[in-house]
Amino acid sequence: MRSWIERFIQDLTYAFRRMRQSPGFSLVAIASLALGIGASTAIFSVIYGALISPYPYAKPNEIWAPEIRAKNPREGRGYSLGDFLEMRKLPAFADVMATGWEGVLLTGDHAPEALTGVRLSGSAFPFLGVAPVIGRTILPSDITAAGEAAPVVVLSFKAWHRWFEGDPAALGKTLLLNDRPHTVIGVMPPRFGWYGSEGIWLPLATATGLDRGVNPILRLSPGVSKRSAEEQLHALHRRLAEVRPKEFPASGFTTRLVNYMDITVASGEMRSSLLLLFGAVGFLLLIACANVANLQLARGSARSREIAVRMSVGAGRSRVFRQLLTESVALSVIGGAGRMLLSVALTKGIVALMPEFYLPNEARITVNVYVLLFSLAASLIVGIVFGLAPAFHCSRPDLIEALKVAGRAAGSGVSGGRTRNLLVVAELALSVILLVGASLSIRGFVDILKIDAGFAPDRVMLVSVPLPPKRYATFEQRNRFVQTLLDRIRSIPGVESAAIGSGGLPLGGSQSTFSIEGSAAAAAPRVKFSMASADYARTLGIALRAGRGFTEQDVRHAEHVALINQAATRLWSAGESPIGKRVRLDLLVKPAGATLAAPGSSPEVTVVGVLADTRNAGLRNPTVPEVYVPFTLLAPPSRSIAVKAVSKPTLLLNAIRQEVAALDKDQPVTRPLTLAEVLEFDTVQPRFNMALFTFFGMLGLALAAVGVFSVLSYVVARRTHEIGIRVALGAERHHVLTLVFAMGGKLVLVGLAAGLAGSYLLAHYLRSEVFEVPATDPLALAGAVVLLCVVAFVACYLPARRAARLEPLRALRHE
């Protein structure tokens, strides 16, 4: 054991000495590995924080969410408070908690603010297993035996600092929430973000007769399998369906449990992007390995005489092999400091580019202990991987040939040359795949930017006014407030126009079942339902295609008229005009949630006009049929207002808030967004893909170019004597250029062909929502090929020019 350690120390000391003797080689090798391992470490830190360990909760992989899945995809059914209370009785579950939410208005000593109050059952905080920073959490004792919730509140870390500047004396103070004092009992740590990280948590009342929708979350009892728990839960659902059949899907349903780790916001589009990026940096790491292996082979060829001498005086092949492998591992590990600095910088850059709404609130992406262990393991593995081929070739030289002064070095022969060429081809092929990915991401992003949204986002700001349902309890109160506010906003200097729309203005929104008078039942029984004021189309820049728009008279008198988009006209028979036809919208008499309908309101409306199509389901989704009605036909508790300004719209915000305060000093206005910012939400993910794939593609291309350059430079150096003879015998300089370019061109063509074939094989991974364009997109492939050829030309030209400039006499003296 002692002798082994002594030999290892000797090998390590000699490895460091060799690195000092070849600073240029060491610098290039360490830089290549730093790029490859640093990028891999950065992506792993993001994957660890976003996918592997995004939550601080106790055993998050053992948390399950129940789901009722209807056989008809158009039907759905959530869970009620009563379902949760019944679910707690099942023996399959060791613990069950429930989450609900409601709009909360903060008033009193603080500026009016609309919050999302997260309601939690008494078992929730022990279930989640996260201790508060100060104070205590909600306990079962905060919900009385009668099911009444105590007026207590737990603050998020951000809310604590925003309202109380992080003062521990906040415990025991009161907040006026929905006109009721609530006592602050605790503050959660920064990473706790159950259903929001900037708000508050309140007890969930369980009193009999409350009709509240909740999300149950559960843990399985010891020894109970997922399938057994699903069977028990499904039996409960069937019993409830027998008692309340109208509440369950008529087409039938199944029951399943979904692991909480599989329903994070990073489990969809962002998960696909991160896994593809991890694959991309894996390719980058392989390119770096091949590059350094090539450099090691070239240096090993130059050291062939030294190795031959050592072996001729008694050093065994295994001893030489171990020495060379130790040098490779030392070379990989020695760049750790620079690699970690690079990975920290890259991690910060990736986090800055990531759309925050694609990550769980609780996720924290940092270079932690697990990431450091990954980096160390990667360094050791990479050092071994890229050191195997050079160690294998250089540890078996032809001793007689290597000891000759003019002999060729071991490793410079056929086998060593083939290995170097193969490594360069592999580098080029992997680089092509990375470039194709980068090109596809650029194409996808550019294509999204070219999409015509159908409306004009310039100079339009969106604000929402969440009216407290208790304070504005009637249909007339709500509509009178928003109509008065709209009139006041229109009179503000600098306002070109203002309009009221639905919550998703102009994207998203509600859906309603419908029927067309005189027509058979529609194949698609739902349409997008939007409420609008008379200036809606003018404010958003939506063109009128047929008929007329809403008038102020239509809106103020709540006339039963409607506008439809062009996509909705296809609901009628071909050639049939929808103008003047009647449509039944069930949402007008059965509104969802806290929305109120006018007493005795009719569900039927008459189509009076057709608006141009807009991207109403997101920029990347096709337009869906949409029906607009006057906003006065319903009275939801919250209204969205679009304000088009003469110049910069955000300059109007204070004036709008003053108008709201003039009507109700306790009425808040939500954080404003410009319409351009709303559209940017659909471009953030493609921009993230484009930036990172392009960055890693360029790194891969640079490393591949270094590989081509190093191989050709080595060949030129080894064939200097031959080139001198050719020139002395009359070869023109362009012949020498052609010779070197031919050698490099063969490598480039083979690598290009292999890379294109690899890109085609990976097509099903490079398609779908990540790139938005086919993986065989000709323009993307052409861009990757042209860029690689240009860079490869430069990498070939530099050694070729040096060869062509060789002086015959100096070349003939070269050994």
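The values are calculated or read from the model by the stated rules, or taken from the named source; none is laboratory data. Just so it is clear, the structure is predicted and the values come from calculations on it, not from any experiment. Counting neighbours? That spans all protein chains shown, and the Cβs are built from the backbone with ideal geometry, glycine included. For the accessible areas, the whole protein counts, side chains as well, though only heavy atoms, and no ligand, DNA or RNA atoms are used. Shrake-Rupley method; radii C 1.70, N 1.55, O 1.52, S 1.80 Å.
With contacts taken as Cα pairs under 8 Å at a separation of at least 6 residues, the stretch 427-559 carries a relative contact order of 21 percent. At q = 0.23 Å⁻¹, what log₁₀ I(q)/I(0) does the stretch 82-123 have when each alpha carbon counts as one equal point scatterer in the Debye sum? With one equal scatterer per Cα and no solvent, log10 I(q)/I(0) is -0.79. The protection proxy used here, the mean number of other Cβ atoms lying within 10 Å of each residue, ranks peptides 455-467, 248-260 as follows, highest first: 455-467, 248-260.
Between the stretch 162-226 and the stretch 106-138, the C-alpha centres lie 3 angstrom from each other.
Each peptide in 44-53, 87-96 receives the mean, over its residues, of other Cβ atoms within 10 Å, and ordering these scores from highest gives 44-53, 87-96. Dipole magnitude for the chain: computed about the Cα centre from +1 point charges on Lys and Arg Cβ and -1 point charges on Asp and Glu Cβ, it is near 3060 debye.
Peptides 269-275, 286-292 ordered by packing proxy, namely the average of other Cβ atoms within 10 Å per residue, highest first: 286-292, 269-275. From the square roots a ≥ b ≥ c of the eigenvalues of the alpha-carbon gyration tensor of the stretch 706-750, which class results: rounded (a/c under 1.5), prolate (a/b over b/c), or oblate? The shape class here is oblate.
Using the Stokes-Einstein relation with a Kirkwood hydrodynamic radius computed over Cα pairs, the translational diffusion coefficient of the stretch 62-139 at 20 °C and a viscosity of 1.002 mPa s comes to 137 µm²/s. For the pair the stretch 54-96 / the stretch 452-491, the C-alpha centres are spaced 36 Å from each other.
When the charge dipole of the chain is built from unit charges on Cβ atoms (+1 for Lys and Arg, -1 for Asp and Glu) and taken about the Cα centre, the candidate among Gly494, Leu341, Ala803 whose Cα reaches farthest toward its positive end is Ala803. With all protein chains kept in place, the per residue accessible area of the chain amounts to 45 square angstrom at a probe of 1.4 angstrom. These residues, Leu507, Leu435, Leu380, go from largest to smallest accessible area, 1.4 Å probe, as Leu380, Leu507, Leu435.
Per residue of the chain, what 222 nm ellipticity follows from adding -39500 (n - 2.57) for every DSSP H run with n ≥ 4, rounded to the nearest 500? That calculation yields -16000 deg cm²/dmol at 222 nm.
Comparing Pro168, Ala429, Ser328 along the charge dipole axis of the chain, the residue lying farthest to the positive side is Ser328, per the Cβ-charge model.
How high is the relative contact order of the chain, given as a whole-number percent (alpha carbon pairs under 8 Å, six or more residues apart)?
16 percent
Couplings 3J(HN,Hα) of the stretch 180-196, computed from phi: 10, x, 10, 8, 6, 10, x, 10, 8, x, x, 7, 6, x, 4, 6, x Hz, in residue order, whole Hz [Karplus 6.51 cos²θ - 1.76 cosθ + 1.60, θ = phi - 60°; x for Gly and Pro].
Using a 1.4 Å probe on the protein heavy atoms, what percent of the accessible area of the chain belongs to carbon and sulfur? In the chain, the share of accessible area belonging to carbon and sulfur is 60 percent. Any idea what diffusion coefficient the stretch 423-535 gets from Stokes-Einstein, in µm²/s, Kirkwood Rh on alpha carbon pairs, 4 °C, 1.567 mPa s? Rounded to a whole number, D works out at 66 µm²/s. Under the simplified labelling scheme, the Gln658-Ala111 pair shows an inter-label distance of 1.6 nm, with each label point 7 Å from Cα along Cα→Cβ. Gyration tensor analysis over the Cα atoms of the stretch 534-641 returns equivalent ellipsoid semi-axes of 22, 17, 15 Å (largest first, whole Å). Select from Ala702, Ile185, Ala598 the residue farthest towards the positive end of the dipole of the chain; place +1 on Cβ of Lys and Arg, -1 on Cβ of Asp and Glu, and compute about the Cα centre. Selected residue: Ala702. Charge dipole (Cα centre; +1 on Lys/Arg Cβ, -1 on Asp/Glu Cβ; no other charges) of the stretch 39-116 amounts to roughly 440 debye. Counting only whole DSSP H helices of the chain, the ones at least 18 Å long by C-alpha along their axis and with mean Kyte-Doolittle hydropathy no lower than 0.5 are 23-47, 269-302, 317-334, 336-353, 369-394, 414-449, 675-718, 733-761, 778-804. Taking the Cα atoms of the chain, the ratio Rg/Rh between the radius of gyration and the Kirkwood radius comes to 1.08. Only Lys, Arg, Asp and Glu carry charge here, each on its Cβ (+1 for the first two, -1 for the last two); on that basis the stretch 100-194 has a dipole of about 260 debye about its Cα centre.
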